[in-house]
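Read through the structure below, which is laid out as structure tokens, and then see the notes.
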Amino acid sequence: MVQYIFTPWRDQAELLTVRRQLYPNHHPTPTAPTGDEALREKQEAVARVSMWMQRGNCPHLVESTALLGAAILSDAQTTSEPSSLAGSSSSYAVRAAYSAAFSRFVTGLMDSHQDKARKMSMYAVAKSVGLPATFVELRHQATHEQLPSLTRLRDAAGKALDWIYEYYWKHLDEAASPAGEVAGECGSARAPASATTVCKALLMELFTTEDREAEARIRSELKKRKGDEVLAAAMEINEAAKSAKLIRKSAAFMREALEEEKRVSAPIDARSQGTARDIEAVRSMLQEDRMELERTLADVRSSEEREQHVARVVKEGPSWSRYDRRSWVPKPIGIV
């Protein structure tokens, strides 16, 4: 049965296009836009992510990237268009936009990695995913205290975008999509990807997604593929990963896969060992029965020989004969 993964973007190429528009410095092109054109592309990317949010199933980090980018665009527009209102009120609005975007980014990320069985502090969760502790502190100040300064918020937004890129956007595979074929930005379809490449794409989406339903669908798709290919792809991701999250998640996945393989093969081994033990037990039992039968037959033969000798002596009377210890039977000569 075919398993479908529902995403708000049409295909992988659309997602990669949004990444290039949001991070033009990380993905330069020969005809890289500059100035107003780059600003227009960022606005287009933010609007497209807003449309994805309306469709649903949009990853939290994609939304956070768009929100932080929108706050930066609003700050740039306010700075470049001086007016009578460009004073403390406009600065306060920009600070509020930065604070809301940053707080939503940190809070959503922490909630998605929170342990349901045992409540953990935000600092502990941040440490587990490699998020700087200063992000948690700034989120607390923006939520419960006076809004941070504009300079500090600008610096934090830039660092947050860099962190999100390293954590999520950087690891998107441009060579293949989970369907095994990716349409290029020019509309042409590339050749079908290899099994390992498809497994790597599925694993990268599994390691970076924060949607439980999407994670279940990806795991169901991975179970249909060969275990050796999935483990090889996970090992390649683990060896090439630089972020703590990817290293931790890929190692946990490989450990889980190996334990599952042991659980599946253990009953077979146990049955084989049990069968071997049963065969040996039956063999030993038959050997003991054979030895017991031989002892019984020997006792029967010796008993018959003794009875025959006694009957012959009684019939013929005493006589001289060669001493035979096995056939000699003592005869009582009296009672003491």
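The values are calculated or read from the model by the stated rules, or taken from the named source; none is laboratory data. Predicted model only: the values in this text are computed from it and were never measured. Reconstructed Cβ throughout: ideal geometry from the backbone, glycine too, with neighbour counts over all protein chains shown. Calculation scope for accessible area: heavy atoms of the full protein, side chains included, ligands and nucleic acids excluded. Shrake-Rupley method; radii C 1.70, N 1.55, O 1.52, S 1.80 Å.
Numerical summary
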item	result
Residues located in the stretch 208-237, provided they are free of Cβ contacts under 8 Å to residues at least 24 places away in the same chain and open to solvent by less than 40 Å² (accessible area, probe 1.4 Å)	222
Selected residue (criterion: modelled with the lowest pLDDT) from residues of the stretch 238-277 that are part of a helix (DSSP H, G or I) and of a type in the set (Ser, Thr, Tyr)	272
Test: residue in the stretch 81-103 that is at pLDDT below 90 and within 20 Å of residue 215 (Cβ to Cβ)	no
Search result, residues across the stretch 42-59 that are part of a helix (DSSP H, G or I) and either open to solvent by less than 30 Å² (accessible area, probe 1.4 Å) or of a type in the set (Val, Ile, Thr) (or both)	45, 46, 49, 52
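Residue-wise test of (1) at pLDDT 90 or above; (2) of a type outside the set (A, V, I, L, M).
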position	(1), (2)
155	yes, yes
193	no, no
232	no, no
236	no, yes
